[in-house]
């Protein structure tokens with residue numbers, strides 16, 4: 001570790017920089033999830049039926065497709081941070097921990113890509129034959 | 001990370017007298033994990049099934065229901081379990097947001113709201129599924 005005084009070596013590092021960012025994003029997405037899931041659960045319960053015509057027409061409207069996309073982003077960001085905390089708490093081997101966090105990130109990205117592509121296809125693709 | 005085995009560990013789960021606050025803290029993590037995998041996979045599968053068109057969506061409905069009519073009991077248990085997990089995680093999450101402000105740490109208050117998260121999650125689950133299974137049928 002370089003030269004200089006103790007404070008000079010650590011200045012700009014650590015939690016003074018971005019240490020609280022995960023904490024803040026976890027709470028930001030918690031409130032996002034609260035609002036968006038309230039919308040989603042209400043929509044599901046009020047939906048007259050779950051047949052293909054009904055759900056696809058519902059999801060094609062901008063006021064369903066956009067909140068659904070935001071819901072996916074908020075939920076996946078929230079669970080990515082939350083599960084990373086669990087992995088860091090319970091996995092003590094550095095290699096296993098690193099591997100698990102990589103898998104978690106791949107899971108979140110794959111689920112997000114599939115969900116967003118599906119929403120866009122339903123919303124922009126028109127009615128399939 | 002290596003640990004010096006000669007050093008004592010801090011007291012852990014086995015040594016404390018159990019209380020509702022410990023239970024809901026653990027439930028928050030357990031239900032969060034259940035939602036992160038079960039809930040998200042089911043939601044993404046549902047979206048992908050709609051995007052795949054009527055034929056595949058009808059297969060999805062068949063998996064979730066029986067002959068597109070009454071619910072099959074295995075998916076029913078999963079769906080009710082995820083509903084309860086959702087409300088439990090929601091209420092313990094709200095509890096955590098309140099605790100973040102520094103409020104609610106008095107012993108009786110803490111115990112009361114810990115118990116209320118579980119009462120609330122069971123009540124909300126019963127309310128939703130009564131509506132879906134009894135009122136709407």
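FYI, it's all coordinate maths here, none of it is from the lab. These numbers come from a predicted model, not from an experiment. Cβ placement follows ideal geometry from the backbone for every residue including glycine, while neighbour counts extend to all protein chains displayed.
For the reader, a short list of remarks on this structure follows.
- Number of partner chain Cβ atoms within 10 Å, mean per residue of B:38-51: 6
- Within a Gaussian network of chain A (alpha carbon springs, distance under 10 Å), most fluctuating of A:54, A:105, A:33: A:54
- Rg and Dmax [Cα atoms of the protein assembly as shown; Å; Rg one decimal, Dmax integer]: 22.0, 75
- Order of A:93, A:51 - criterion: other Cβ atoms within 10 Å of each residue's Cβ, fewest first: A:93, A:51
- C-alpha long axis of helix B:54-64 to longest principal axis of chain B, angle in °: 50 degrees
- The Cα center of region A:47-64 and the Cα center of region B:44-63 differ in position by 13 Å.
- For A:39, B:18, order by how many other beta-carbon atoms lie within 10 Å, fewest first: B:18, A:39
- Its relative contact order, with pairs defined as Cα atoms under 8 Å and 6+ residues apart, puts region A:7-124 at 35 percent.
- More than 26 Å apart - percent of Cα-Cα pairs taken over region B:1-119: 45 percent
- Spread over its residues, the convex hull of the C-alpha atoms of region B:54-137 is 110 Å³ per residue.
- In chain A, helices alone account for a calculated mean residue ellipticity at 222 nm of -26500 deg cm²/dmol, with every DSSP H run of four or more residues adding -39,500 (n - 2.57).
- Based on Cα contacts under 8 Å between residues 6+ apart, chain B shows a relative contact order of 30 percent.
- Counting neighbouring beta carbons within 10 Å and listing from fewest to most, the residues B:15, B:26 come out as B:15, B:26.
- Full-extension gain in nm, residue B:12 to residue B:52, via 0.36 nm per residue minus C-alpha separation: 9.5 nm
- Angle in degrees between helix B:73-100 and the longest Cα principal axis of chain B, rounded to the nearest 10: 40 degrees
- Rg and Dmax of chain A, Cα atoms only, in Å: 20.5, 71
- Once the Cα atoms are used to define both axes, helix B:107-130 deviates from the longest principal axis of chain B by about 10 degrees.
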